[in-house]
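First comes the structure, then the notes that go with it.
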Amino acid sequence: MLAFRETSNASEAVSGTDPGLFLRAVESALLFLFHLNRLLSLFLPAGMLKAMYCSTGYFTYCAFPPMRRRLDDKIRAAMPEIEQPREITRIGRRACCALLMPSLELIILRRCGDSYMRGLRVEGMEHLEAADDAGRGVILVGTHQGANATRIAVMSRLDKAYTPIFLYPGESPVVRYYTSLALFGQELGCDEECPVFWTGQDTVRRVREHLERGKRVGIDIDVPGRCEVEFFGNSAFLADGIARFAIDTGAAIVPFQLLQGRRILEHKLIIHPPIATVTSGDRDKDIRSVMGEVAAAAESMIRNAPGQWMSWFGIRGLWGQERALEEGVG
C-alpha cells in the first residue's frame, strides 16, 4: 500500500494543481485501471497486460517534464554514484510503472495463481525459519517495492502467513482504491486467524500480544515518522514502531522483498538475515540504533532494484522533515 499521505508530495507532479482535485483524479484513474484490467484479464494474455501497464508508466514519465525532472533529481541526489543520465532515466521510467503495478500483480495472481507460484524463486527462507524456531515472534519488514501488493498472499501460499499493519483506510488519500486493493488481496491469501492490524485500532497492544505468541507481523519501513536516521545519505525521519515492538517483545526483525522478474510470471522472494537488536538499557538510544540498522536494510533492498521502488516520488517527505507517527504504529 502507498506509504505517503501528504497531498503535497502527490500533487507536485503537476505544478499549480489543487491537491484535493489532483488526488481525486488520481484515485479515479487508478480505480478505472484496476477494474478495467480485471475485465481485460479475462481475455488478454498476462504479458500483454503488463505491456499496457508499462506503456502507461512510460507515457506518464515522458508526458510531464516538470515531474520527470523532479523525479530524476531525487534519484540523482539519493544515488550520486550513478553517473550515466541514461541509467537515471531508466530508473525513473520504471518508477512510474511501479506506481501502477500493485493492482496488476493482484489481478495476475488471481488469474494465474499456480503459474505465479511456479515462477517464484525463493532465497534465504532459512533465515525466516530460524527466526520462527526461536519462538519469540517475527517482524517481517519490507519497502514499497516490487510486487509488494502480493507479498501477503505469496507468503500465505508458502505456509508463512503473517499479519500486516496497514494505515486505516479512512486515513489514505485514495480511500476507495486503497480499500479495493486491500480486500481483493485478502481474498488471495492471508493469515486467516488475524488478517490485518489497522492503525489506531488498539494496534500496539494487539501486535505485542501477537508477537508474544510467536506469530508474525509485517511492517513497511519507508513510512514517515519521528525517528531520525540516515537514509540515502540524508537525515530522514521514519516511523519507529518496528524497533519498539522488537525491543519490547524480543521478536526478530527479518527484512524481505518480493521483486518482479523480466517476465510477468517471474518473481524472486528474498529473505535477508535478521537485523541485530542488541539492547543497552537506554531505551531511546536502543530505538535509534535499531532503526538505523532498519533504515540501512531498507536502502540496501531498494538498491537491489531501484526502478521497482514506488516511493521515489515521496523521498523528500522522509528527508529532513519530522512527521507525526500514525497512531498505533509508534
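Please tell me if Arg244 is without any contact (Cβ under 8 Å) to a residue 24 or more places away in the chain, part of a helix (DSSP H, G or I) and among the charged types (D, E, K, R). For Arg244, the condition - without any contact (Cβ under 8 Å) to a residue 24 or more places away in the chain, part of a helix (DSSP H, G or I) and among the charged types (D, E, K, R) - is not met. Taking the condition touching a His at 6+ places or on another chain (Cβ under 8 Å) and either among the aromatic types (Phe, Trp, Tyr) or modelled with pLDDT of 90 or more (or both), does Leu265 pass? No: the conditions fail for Leu265. Any residue that is more than 30 Å from Gly57 (Cα to Cα) and touching a residue at least 24 places away in the same chain (Cβ under 8 Å) - is there at least one of those in the stretch 297-305? Checking the stretch 297-305: not a single residue is more than 30 Å from Gly57 (Cα to Cα) and touching a residue at least 24 places away in the same chain (Cβ under 8 Å).
Selection of the stretch 153-190 for residues being modelled with pLDDT under 95, among the hydrophobic types (A, V, I, L, M, F, W, C) and closer than 25 Å to Pro255 by Cβ yields Ile165, Phe166, Leu167, Leu181, Ala182, Leu188, Cys190. Within the stretch 68-100, the residues that satisfy the criterion of being out of contact with any Gly (no Cβ under 6 Å at 6 or more places or on another chain), within 23 Å of Gly261 (Cβ to Cβ) and either charged (D, E, K, R) or exposed (fewer than 15 other Cβ atoms within 10 Å of the Cβ) (or both) are Arg86, Glu87, Arg90, Arg93. Restricted to strands (runs of 3 or more DSSP E) entirely inside the stretch 142-235, those with at least 3 residues that are within 16 Å of the chain's Cα centre (by Cα) and closer than 21 Å to Ala131 by Cβ are 163-166, 216-220. Being out of contact with any strand residue (DSSP E or B) (no Cβ under 9 Å at 6 or more places or on another chain), in contact (Cβ under 8 Å) with a residue 12 or more places away in the chain, among the polar types (S, T, N, Q) and surrounded by 18 or more Cβ atoms within 10 Å (Cβ to Cβ) is a description that applies to Ser103.
Return yes or no: is Ile242 touching a helix residue (DSSP H, G or I) at 6+ places or on another chain (Cβ under 9 Å), at pLDDT 95 or above, within 30 Å of Ser115 (Cα to Cα) and buried (at least 20 other Cβ atoms within 10 Å of the Cβ)? No; evaluated as a whole, the condition is false for this residue.
The number of residues in the stretch 37-54 being free of Cβ contacts under 8 Å to residues at least 60 places away in the same chain and either touching a Leu at 6+ places or on another chain (Cβ under 8 Å) or surrounded by 12 or more Cβ atoms within 10 Å (Cβ to Cβ) (or both) comes to 7.
The values are calculated or read from the model by the stated rules, or taken from the named source; none is laboratory data. Quick caveat: nothing in here was measured; it's all calculated off a predicted structure. Backbone-built Cβ (ideal geometry, glycine too); neighbour counts: all protein chains shown.
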